[in-house]
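Single-structure report; data block below.
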Amino acid sequence: MSFGICPLAIIPVRREPEEKSEMVTQLLFGEGFEILERTLKWMKIQTIYDSYIGWVDSKTIQPASYSDIDEEENVFCCSDINAIVKTSSGNQYITLGSTLPYLKNKKGKLGNEEFSFQGEALNSNLLERTDQNIQMMAEKFLNAPYLWGGRTIWGIDCSGFTQIVFKMFGIKLKRDAFQQAEQGILINFVDEARTGDLAFFKNDEGRIVHVGMIVSKNRIIHSSGKVRVDHFDHFGIYNSEKKNYSHQLRFIKRIL
């Protein structure tokens with residue numbers, strides 16, 4: 001087996017090994033993966049964090065050993081929207097939720113290379129899961145544009161948003177909404193929902209197609225066009241701008 005690590009702020013992961021192929025997810029700085037297959041230009045990978053499979057341009061990645069991407073050592077996340085890492089190739093901005101491997105005293109290790117970090121970071125295993133902290137972390141993404149496959153403040157989809165927020169609290173969510181719907185404990189009534197619960201929404205065929213996070217009574221934060229806060233009830237999400245229900249509720253799950 002061989003492994004790699006993401007040395008850039010973002011690396012697109014595509015469905016097929018070609019640049020025009022659909023982006024299905026993204027690697028963020030410091031996230032590791034196993035290399036499953038290689039071609040001359042592309043690598044088929046499986047992410048360590050959520051076991052997602054896709055293709056990345058081999059020019060964008062950095063080789064690593066398994067110990068370099070050991071999740072027990074990679075508990076620090078970037079919690080700053082203007083953070084900078086400095087490597088031998090220079091400075092680059094990184095995004096909220098990026099992994100900071102082996103971070104100590106503002107220094108970390110990216111494979112065989114050291115980096116320095118300028119910004120705010122947190123230990124995801126130690127961040128208190130209070131209503132205030134959960135809401136604060138989620139609201140850092142407000143107005144981030146919707147992007148299919150995105151996981152950053154520069155573009156994020158509905159399940160990417162919930163996944164990254166939960167990552168900051170040391171809780172692993174799967175990548176897609178229908179996969180996240182398999183996690184957690186079912187909440188029977190909307191009135192029982194609390195901050196941090198995930199609400200899942202269905203299409204006309206009953207398939208899970210959307211997810212959002214409850215932030216307070218009858219309020220939900222989710223990525224739809226942009227990350228936004230809307231009214232939420234037993235029917236679904238009500239868009240006050242369009243004066244209609246944009247998403248039909250399927251059920252609510254408690255993860256935290």
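The values are calculated or read from the model by the stated rules, or taken from the named source; none is laboratory data. Quantities reported herein were computed from a predicted structural model and do not represent experimental measurements. Reconstructed Cβ throughout: ideal geometry from the backbone, glycine too, with neighbour counts over all protein chains shown. Only protein heavy atoms, including side chains, enter the accessible area calculation; ligands, DNA and RNA are left aside. Shrake-Rupley method; radii C 1.70, N 1.55, O 1.52, S 1.80 Å.
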Note on segment 197-227: residues of a type in the set (Gly, Ala, Ser) and under 15 Å from the mean Cα position of the chain (by Cα) are Gly212, Ser223
For Asp191: the one exception among (1) out of contact with any Gly (no Cβ under 9 Å at 6 or more places or on another chain); (2) closer than 20 Å to Leu28 by Cα; (3) surrounded by fewer than 23 Cβ atoms within 10 Å (Cβ to Cβ); (4) not aromatic (Phe, Trp, Tyr):
(2)
Any chance Ile45 is β-branched (Val, Ile, Thr), buried (at least 20 other Cβ atoms within 10 Å of the Cβ), part of a strand (DSSP E or B) and more than 15 Å from the chain's Cα centre (by Cα)
yes
Hand me the list of strands (runs of 3 or more DSSP E) wholly inside segment 50-89 holding 1 or more residues that are more than 20 Å from Gly160 (Cα to Cα) and over 15 Å from the mean Cα position of the chain (by Cα).
53-57, 62-64, 83-87
Residues (on the phi < 0 side of the Ramachandran plot, crowded, with 24+ Cβ neighbours inside 10 Å and part of a loop (DSSP other than H, G, I, E, B)) located in segment 12-30:
Phe29
So which of Arg250, Arg254 ends up being touching an Asp or Glu at 6+ places or on another chain (Cβ under 7 Å) and among the basic types (Lys, Arg)?
Arg254
Please determine whether any residue of segment 226-238 is more than 23 Å from Val24 (Cβ to Cβ), touching a Leu at 6+ places or on another chain (Cβ under 6 Å) and open to solvent by less than 60 Å² (accessible area, probe 1.4 Å).
yes
Please work out which one of (1) of a type in the set (Asp, Glu); (2) under 17 Å from the mean Cα position of the chain (by Cα); (3) open to solvent by 30 Å² or more (accessible area, probe 1.4 Å) is the condition Asp157 fails and give its number.
(3)
So which residues in segment 106-157 are among the polar types (S, T, N, Q) and closer than 20 Å to Thr195 by Cα, if there are any at all?
Ser124, Asn125, Thr130, Gln132, Asn133, Gln135, Asn143
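Condition check ((1) among the charged types (D, E, K, R); (2) touching a residue at least 12 places away in the same chain (Cβ under 8 Å); (3) surrounded by 14 or more Cβ atoms within 10 Å (Cβ to Cβ)) across all residues:
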{"residue": "Gln62", "(1), (2), (3)": "no, yes, yes"}
{"residue": "Glu71", "(1), (2), (3)": "yes, yes, no"}
{"residue": "Phe76", "(1), (2), (3)": "no, yes, yes"}
{"residue": "Tyr93", "(1), (2), (3)": "no, yes, yes"}
{"residue": "Leu100", "(1), (2), (3)": "no, yes, yes"}
{"residue": "Leu103", "(1), (2), (3)": "no, yes, yes"}
{"residue": "Phe117", "(1), (2), (3)": "no, yes, yes"}
{"residue": "Glu128", "(1), (2), (3)": "yes, no, no"}
{"residue": "Thr162", "(1), (2), (3)": "no, yes, yes"}
Helices (runs of 4 or more DSSP H) completely within segment 97-182 that count 1 or more residues being within 14 Å of Ile81 (Cβ to Cβ)
131-139, 158-167
Does any residue of segment 67-90 turn out to be touching a Lys or Arg at 6+ places or on another chain (Cβ under 6 Å) and within 24 Å of Lys174 (Cβ to Cβ)?
no
